[in-house]
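Enquirer: Sharing a structure here in structure tokens format.
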Amino acid sequence: RRAWVVSVVLDYLETLPQVDIQHVGMFGYSRNGKTAAIEGAIEERISAVIAGSTGVGGVLSWRSAGECHFAESIETTTREFPTWFAPQLRFFCGREDRLPVDGNLVMAMIAPRAILSEWGNNDQVSQTWGDEQAYYSALKVYAMFGVPERLGTMRVPGFHGANDEQACLDWLDIQFGRSTQKWTNNLIFEWDWEKWHVNSKESVDLSRFPKHEANTLLDAVASAADWKAKRAKLRRSLVEMLGKEPPVVKLPPSKRELAFMKFFKRRAQPPPTEPGIWNPGQVTPELDAWVIHNGGHSYGWLEPQKSLTTCRRITFGERLKGDLYYPRNTPAGAKLPTVIWLHGYSYPLGYMWVYHNDLHPILALVAAGYAVLAYDQSGFGSRLAETGPFYDRYPHWSRMGRMVEDVGAALDALQKDSLVDSRQISLFGYSMGGTVALYAAALDSRIQGVVSICGFTPMRTDTADRGTGGVARYCYQRSLIPRLGFFVGHETRIPYDFDGLLGMIAPRPALVVEPLLDRDATPADVRNAVDEAKKVYALYGARGKLEIREPWDYNRLPNKTLDETVQWMRAAFV
């Protein structure tokens, strides 16, 4: 309806002698950004569109958003704004891949006319990675027309609402021939596996890697001692796939550095749990404080749990920042069981989330008596800028390897913390975080146990015909584990799989949660992997310590699943 009105306005503008109807631009932001994109797709009298922070339903694809990507979803949009789209849209909750049209195609429909997509670096509405993927998809159509320069992107510092109107006018001047300047698309995720392959000079001889049949994890393994030998072999394969960590020379800090660190510690504030103490800055936002201040259902920072939680800032590893949350009424000298929260694909907000309408896991875990360490993983939230130059700096490492290393550094810090029971440190991961949790727990025996929610589907059966994205998701689509790219089309030769990772965690407690409607996984294969790993647990007499839960749901983390998971942890982590 809103887009249709624009056509009526254009009918009127055509009657005005002052208007050059061949050069009409349209700008919209947020909901009006959706309107601008939709009207631009269907109204050819608009020659240039500026779609500002549209979120889903505009130029951001539903497929690359949703709860599993910590962003707007069909679920939240159709509940909170039920009149915006056709009611039938709700049928596609969790099945966004079945939609007949999506944001990238709306953008492509505007070709060969011009469109600029704008969003903030930490824009909670426009999922940073998804916006860029829509650009790359639509660019193919613009290139086919021979006008790739008419498709532009612009990201600005800040949250939803951040905007650079003058830059938007500069872009319009270029499109309408009023300026000879060249537009630069300041993209973050310019990952290209083929480019990495050439630059790194890496190669894999597939003949070194035998094919693996299903359910063969315990071939030639009859005892815990036999498994120990196989576990060592799996560990070598795992480390090889994650890549080579760069050498680090750790020297004691100088007097000047100690003084600076003392000053920094005095100035740095943890995210406050009290309202009124926050920094809404658009240039250097305190993401965590901003979310906590906003609170509300969209962010999951709810009362009364919010008021019963406090936190303090800690540093670990190479000056990484984390926040340790714990119950406000914790007695002096208490030692708490501690959980490291590993978030999913939350590019704008890091360890926070938005549009989930469920209690944030941090608060749920604190309410259960845990201390919780939360931090932004590499390439997310406050560490978004680490993404672009990563493989120029570390061509033989991997971003997954960096994330696993960060978990190890966090463990080092927690074991020295006065609040933490060093014998009871576990991992809780969702989506990508669930994957990181399994890798980290398989490699580090200090981890007491692990929860992985929507964290994996077995790689050797995750072939292109499954429709889940396949192993290519790790290497071609996202730059998580580049070396897996050599095995695309040869998945049975991958030297380890998730059943092996689970087996390497044995006999420590592990919970796998795999919703039966998860479009990013094959639930039957996930169950097979867990069943295979249970054979390893049986060698230790601990078969019951590995469990799988299969809710009738899609890929998300609602309160019901969260509550049941915390109850499992209370019983298992003793």
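Enquirer: Can you pull the percent of the chain's accessible area that's carbon plus sulfur, 1.4 Å probe, other chains left in place? Show your work: numbers first, answer last.
Expert: Details: 13590 of 25080 Å².
For the chain, the apolar C and S fraction of the accessible surface comes to 54 percent.
Enquirer: Right, another one. To the nearest 0.05, how large is the calculated FRET efficiency for Phe85 and Leu308 if R₀ is 45 Å and r is the Cβ-Cβ distance? If you can, show how the numbers build up before the last one.
Expert: Values: r = 38 Å, r/R0 = 0.84.
Result of the calculation: an efficiency of 0.75.
Enquirer: Determine, at each q value in 0.08, 0.11, 0.14, 0.18 (inverse angstroms), the log₁₀ of I(q)/I(0) that the Debye formula gives when each Cα of the range 96-246 is one equal point scatterer.
Expert: -0.45, -0.69, -0.86, -1.12
Enquirer: Once ligands and nucleic acids are excluded and a 1.4 Å probe is used, how much of Arg235 is accessible, expressed in Å² to the nearest 10?
Expert: 90
Enquirer: Let me know the charge dipole size of the range 468-553 about its Cα centre in debye, to the nearest 20, where only the beta-carbon of Lys, Arg (+1) and Asp, Glu (-1) is charged.
Expert: Roughly 320 debye, rounded to the nearest 20.
Enquirer: Based on the alpha-carbon gyration tensor of the range 177-217, what equivalent-ellipsoid semi-axes (square roots of 5 times the eigenvalues) come out, in whole Å, largest first? Walk me through the numbers before you get to the answer.
Expert: Numbers: eigenvalues 407, 42, 10 Å².
After scaling each eigenvalue by five and taking roots: 45, 15, 7 Å.
Enquirer: OK, next. If the only charges are +1 at each Lys and Arg Cβ and -1 at each Asp and Glu Cβ, what is the size of the charge dipole of the range 130-201 around the Cα centre, to the nearest 20 debye? Mind dumping the intermediate values first?
Expert: Numbers: 7 positive and 10 negative charges, 49 e Å.
In debye, rounded to 20, the range 130-201 gives about 240.
Enquirer: How large is log10 I(q)/I(0) at q = 0.11, 0.12, 0.15 Å⁻¹ when the Debye formula is applied to the Cα atoms of the range 62-124, each weighted equally and without solvent?
Expert: -0.30, -0.36, -0.56
Enquirer: What is the range 478-567 by shape, rounded, prolate or oblate, if you read a ≥ b ≥ c off the alpha carbon gyration tensor as root eigenvalues and call it rounded for a/c under 1.5, prolate for a/b larger than b/c, and oblate otherwise? Don't skip to the end; give the middle numbers.
Expert: On the way: a/c = 2.12, a/b = 1.17, b/c = 1.82.
Cα axes put the range 478-567 in the oblate bin.
Enquirer: Quick one: divide the alpha-carbon radius of gyration of the range 338-488 by 2.2 N^0.38 Å and tell me what you get. Walk me through the intermediate numbers first.
Expert: Values: Rg = 15.8 Å, N = 151, 2.2 N^0.38 = 14.8 Å.
Dividing the Cα Rg of the range 338-488 by 2.2 N^0.38 Å gives 1.07.
Enquirer: Choose one of Asn185, Thr216, Ala229: the residue whose Cα lies farthest towards the positive end of the charge dipole of the range 178-229 (beta-carbon charges +1 Lys, Arg; -1 Asp, Glu; about the Cα centre).
Expert: So the residue furthest toward the plus end is Asn185.
Enquirer: Using the Cα centre of the range 60-111 as the reference point, and only Cβ charges (+1 on K/R, -1 on D/E), how large is the resulting charge dipole? Debye, rounded to the nearest 20.
Expert: Numbers: 5 positive and 7 negative charges, 32 e Å.
Result for the range 60-111 is approximately 160 debye, rounded to the nearest 20.
Enquirer: What's the ranking of 498-508, 72-82 by average number of surrounding C-beta atoms within 10 Å, highest first? Kindly include the intermediate steps, with their values, before the conclusion.
Expert: Numbers: 498-508: 24.7, 72-82: 18.6.
Ranked from most to least packed, the peptides come out as 498-508, 72-82.
Enquirer: Probe of 1.4 angstrom, ligands and nucleic acids ignored: what's the accessible area per residue over the chain, in square angstrom?
Expert: Values: 25080 Å² over 574 residues.
Averaged over the residues of the chain, the accessible area is 44 Å².
Enquirer: In degrees, nearest 10, range 0 to 90: what is the angle between the Cα axis of helix 432-443 and the longest Cα principal axis of the chain?
Expert: Around 30 degrees separate the two axes.
Enquirer: How big is the range 379-436 by Rg and Dmax over its Cα atoms, in Å?
Expert: Over the range 379-436's Cα set, Rg and Dmax evaluate to 13.8, 39 Å.
Enquirer: Give Lys34/Lys195; Lys335/Lys535; Lys230/Lys560; Lys321/Lys416; Lys233/Lys560; Lys228/Lys534 a once-over and call out the pairs whose C-alpha atoms are over 27 Å from each other. Could the numbers behind the result be given before it?
Expert: Numbers: Lys34/Lys195 34 Å; Lys335/Lys535 34 Å; Lys230/Lys560 38 Å; Lys321/Lys416 16 Å; Lys233/Lys560 39 Å; Lys228/Lys534 15 Å.
Those over the limit are Lys34/Lys195; Lys335/Lys535; Lys230/Lys560; Lys233/Lys560.
Enquirer: Report the one residue of Tyr474, Gln88, Ser73 whose Cα lies farthest in the direction of the positive end of the charge dipole of the chain (charges on C-beta: Lys and Arg +1, Asp and Glu -1; origin at the Cα centre).
Expert: Highest projection toward the positive end goes to Tyr474.
Enquirer: I would also like to ask the following. State the extension gain, in nm to one decimal, for the chain segment bounded by Thr180 and Ala229, taking 0.36 nm per residue of separation less the distance between their alpha-carbons. Working shown, then result.
Expert: On the way: separation 49, 0.36 × 49 = 17.64 nm, distance 6.63 nm.
Contour length minus the Cα-Cα distance gives 11.0 nm.
Enquirer: Sum -39500 (n - 2.57) across every DSSP H segment of at least 4 residues in the chain, then divide by the residue count to get the 222 nm mean residue ellipticity, nearest 500. List each step's numbers first, then the result.
Expert: Numbers: 18 runs with 198 residues, N = 574.
Helices in the chain give a 222 nm mean residue ellipticity of -10500 deg cm²/dmol.
The values are calculated or read from the model by the stated rules, or taken from the named source; none is laboratory data. The model shown is predicted, which means the values in this text are computed figures rather than measured ones. So basically every Cβ, Gly included, is an ideal-geometry build from the backbone, and we count neighbours across all protein chains shown. Just the protein is used for accessible areas: all its heavy atoms, side chains included, with ligands, DNA and RNA removed. Shrake-Rupley method; radii C 1.70, N 1.55, O 1.52, S 1.80 Å.
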